[in-house]
1. Under 6 Å by Cβ, and 6 or more places apart or on different chains, what pairs join a residue from the stretch 40-53 that is at negative phi and at pLDDT 95 or above with one that is part of a loop (DSSP other than H, G, I, E, B) and surrounded by 18 or more Cβ atoms within 10 Å (Cβ to Cβ)?
2. Go through the stretch 30-72 and report how many residues are out of contact with any strand residue (DSSP E or B) (no Cβ under 8 Å at 6 or more places or on another chain), open to solvent by 70 Å² or more (accessible area, probe 1.4 Å) and farther than 17 Å from residue 86 by Cα.
3. Quick one: would you say residue 83 is out of contact with any His (no Cβ under 7 Å at 6 or more places or on another chain), closer than 16 Å to residue 97 by Cβ and in contact (Cβ under 8 Å) with a residue 24 or more places away in the chain?
4. So residue 93 clears everything in (1) closer than 20 Å to residue 44 by Cβ; (2) in a strand (DSSP E or B); (3) not β-branched (Val, Ile, Thr) except one condition, right? Which one?
5. Quick check on my filter: what residues within the stretch 58-82 are over 12 Å from residue 34 (Cβ atoms) and not aliphatic (A, V, I, L, M)?
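The values are calculated or read from the model by the stated rules, or taken from the named source; none is laboratory data. Since the model is a prediction, treat every value here as computed from it, not as a measurement. So basically every Cβ, Gly included, is an ideal-geometry build from the backbone, and we count neighbours across all protein chains shown. These area figures cover heavy atoms from the full protein model, side chains too; ligands, DNA and RNA do not enter into them. Shrake-Rupley method; radii C 1.70, N 1.55, O 1.52, S 1.80 Å.
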Amino acid sequence: MKTVLLVLVIGSVVGCGAVEIQQPTDFYPPTPTLCLVPGCSCLEDNSTSLVNVICSCQNKQVLKIGLLSRVSDSSQPPENTGSLLVENCHHVELYSRLVNH
């Protein structure tokens, strides 16, 4: 059984030294992989071969996370995702069968 750590951080973080990238709009078309969504990054842990996905939303960004085979306008995390950190999003939609599918 694969276990996935899901962390949602609501609110803003002050003084973290992050660089904010300005986007021309707060609407982003769906991308097939969560790793390509603006504000998201995927880092592979070489010791476990699992991917840590971090999404730090911008402006009033809406994030739809799900399986593409079930929800066509969602973004899918990699199959070997070990953790998912989502912060500062205006709205987050998590669709069924996302964890341990």
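1. Listed pairs, sorted by first residue: 53/77.
2. Counting residues in the stretch 30-72 that are out of contact with any strand residue (DSSP E or B) (no Cβ under 8 Å at 6 or more places or on another chain), open to solvent by 70 Å² or more (accessible area, probe 1.4 Å) and farther than 17 Å from residue 86 by Cα gives 5.
3. Numbers: out of contact with any His (no Cβ under 7 Å at 6 or more places or on another chain): yes; closer than 16 Å to residue 97 by Cβ: no; in contact (Cβ under 8 Å) with a residue 24 or more places away in the chain: yes.
No, not satisfied.
4. (1)
5. The initial filter retains those residues of the stretch 58-82 that are over 12 Å from residue 34 (Cβ atoms), namely 58-62, 69-73, 80, 82.
Result: 58, 59, 60, 61, 69, 70, 72, 73, 80, 82.
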